[in-house]
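What follows is a short report on a single structure.
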Amino acid sequence: MLAIIQARSSSKRFRNKVLVKIYGKPLIHHVISRVKRSKKISKIVVSTSKNKSDDNLVNYLKKIKVKYYRGELNNVAKRLLHTSEKNKQNFFLRVSGDSPLIDPKIIDKIISIHKKNKTFDLITNVFPRTFPKGQSVEIISNNILKENLKRMNKFEKEHVTLYFYRNSQKFLIKNFIFNKKIKLIKTAIDNKKDLINVLKVIEKKEFKLYTIFK
């Protein structure tokens with residue numbers, strides 16, 4: 001399975017957050033390392049924009065020898081579709097570049113569901129959301145994304161799967177839930193406050209080993 005990590009440096013709430021250092025490594029490094037720990041991912045590509053603002057991100061990816069694709073900044077749906085097509089895939093797994101604590105076991109779980117039934121248009125763990133932000137994964141069909149790209153408005157193109165959730169009756173969507181009754185923290189880094197909160201709770205030695213499946 002191809003994993004596409006969606007990342008850009010021009011976030012209005014936290015500029016250059018993908019390169020902000022967390023325990024000595026850029027945030028994007030932690031996301032990539034987590035995805036690499038999946039037992040079922042065969043290839044990782046970071047999908048970013050052609051804008052100059054993402055040049056430093058691309059330079060870092062070159063340095064650590066991670067594949068990347070550059071496309072439109074705001075039409076993220078089109079960018080991810082082209083990333084997948086260039087890598088000759090029919091489906092891809094989408095992970096956000098602001099999820100440095102994404103659990104590889106969740107990635108393996110969603111891929112296992114996909115392998116058992118490849119007829120789903122979209123497999124997700126956020127419809128409805130039972131996992132905390134920062135633990136979101138989706139497997140998307142290239143064909144379904146391509147067929148519906150022209151129907152998406154500007155906002156939906158930026159948020160990729162929102163169109164499918166808003167029109168869920170038209171698509172075959174599989175959601176899996178987190179059914180353990182334990183309190184989990186938000187691990188997505190949307191702003192500087194999120195980063196401070198995560199570092200308050202998770203110490204350096206725990207950061208690398210963090211998992212929500214105990």
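Pick out, from region 1-78, the strands (runs of 3 or more DSSP E) lying fully within it that include 2 or more residues that are open to solvent by less than 20 Å² (accessible area, probe 1.4 Å), farther than 20 Å from F155 by Cα and of a type in the set (A, V, I, L, M).
By residue number, 2-6, 43-49.
Give K25, K39, K63, K86 a once-over and let me know the one that is in contact with a strand residue (DSSP E or B) (Cβ under 9 Å, 6 or more places away or on another chain), among the basic types (K, R) and over 18 Å from N191 (Cβ atoms).
That would be K86, the only listed residue that is in contact with a strand residue (DSSP E or B) (Cβ under 9 Å, 6 or more places away or on another chain), among the basic types (K, R) and over 18 Å from N191 (Cβ atoms).
I'd like the full set of residues that are in contact with a Leu (Cβ under 8 Å, 6 or more places away or on another chain), open to solvent by less than 30 Å² (accessible area, probe 1.4 Å) and not in a loop (DSSP other than H, G, I, E, B), limited to region 88-123.
Matches in region 88-123: F92, L93, I107, I110, I111, L122.
Considering only residues of region 127-146 that are in a strand (DSSP E or B) and either of a type in the set (S, T, N, Q) or under 12 Å from the mean Cα position of the chain (by Cα) (or both), which is surrounded by the fewest Cβ atoms within 10 Å (Cβ to Cβ)?
It comes out as E138.
Return yes or no: is L195 in contact with a strand residue (DSSP E or B) (Cβ under 9 Å, 6 or more places away or on another chain), loosely packed, with under 15 Cβ neighbours inside 10 Å, part of a helix (DSSP H, G or I) and of a type in the set (A, V, I, L, M, F, W, C)?
Considered against the rule, which asks whether it is in contact with a strand residue (DSSP E or B) (Cβ under 9 Å, 6 or more places away or on another chain), loosely packed, with under 15 Cβ neighbours inside 10 Å, part of a helix (DSSP H, G or I) and of a type in the set (A, V, I, L, M, F, W, C), L195 comes out as no.
Given (1) surrounded by fewer than 17 Cβ atoms within 10 Å (Cβ to Cβ); (2) hydrophobic (A, V, I, L, M, F, W, C); (3) in a loop (DSSP other than H, G, I, E, B), where does L149 come up short, assuming only one miss?
The failed condition is (3).
Run down I202, I182, I173, I212 and say which single residue is out of contact with any Gly (no Cβ under 8 Å at 6 or more places or on another chain) and surrounded by fewer than 11 Cβ atoms within 10 Å (Cβ to Cβ).
I182 is the lone residue from the list that is out of contact with any Gly (no Cβ under 8 Å at 6 or more places or on another chain) and surrounded by fewer than 11 Cβ atoms within 10 Å (Cβ to Cβ).
Testing T211 on (1) part of a loop (DSSP other than H, G, I, E, B); (2) polar (S, T, N, Q); (3) free of Cβ contacts under 8 Å to residues at least 60 places away in the same chain, one condition comes back false. Which one is that?
Exception for T211: condition (3).
Note down all Cβ pairs under 6 Å where the first residue falls in region 180-203 and is within 17 Å of D103 (Cα to Cα) and without any contact (Cβ under 8 Å) to a residue 24 or more places away in the chain, the second is in a loop (DSSP other than H, G, I, E, B) and open to solvent by 20 Å² or more (accessible area, probe 1.4 Å), and they're at least six residues apart or on different chains.
Pairs found: V201/I185.
Filter region 190-208 down to the residues that are within 16 Å of G24 (Cα to Cα) and hydrophobic (A, V, I, L, M, F, W, C) and list them by number.
Within region 190-208, L195, I196, V198, L199, I202, F207 qualify.
For F178, are the conditions met, namely being at pLDDT below 90 and assigned to a loop (DSSP other than H, G, I, E, B)?
Judged against the criteria, F178 is not a match.
Per-residue answers, yes or no, for (1) basic (K, R); (2) in contact with a His (Cβ under 8 Å, 6 or more places away or on another chain); (3) modelled with pLDDT of 95 or more:
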site	(1), (2), (3)
F91	no, yes, yes
R94	yes, no, yes
S112	no, no, yes
K116	yes, no, yes
D121	no, no, yes
Q135	no, no, yes
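Which number in (1) without any contact (Cβ under 8 Å) to a residue 24 or more places away in the chain; (2) out of contact with any helix residue (DSSP H, G or I) (no Cβ under 9 Å at 6 or more places or on another chain) marks the one condition that R166 misses?
All conditions pass for R166, except number (2).
The values are calculated or read from the model by the stated rules, or taken from the named source; none is laboratory data. Source: prediction; values computed, not measured. Backbone-built Cβ (ideal geometry, glycine too); neighbour counts: all protein chains shown. We work out accessible area using only protein heavy atoms, side chains counted, and drop any ligands, DNA or RNA first. Shrake-Rupley method; radii C 1.70, N 1.55, O 1.52, S 1.80 Å.
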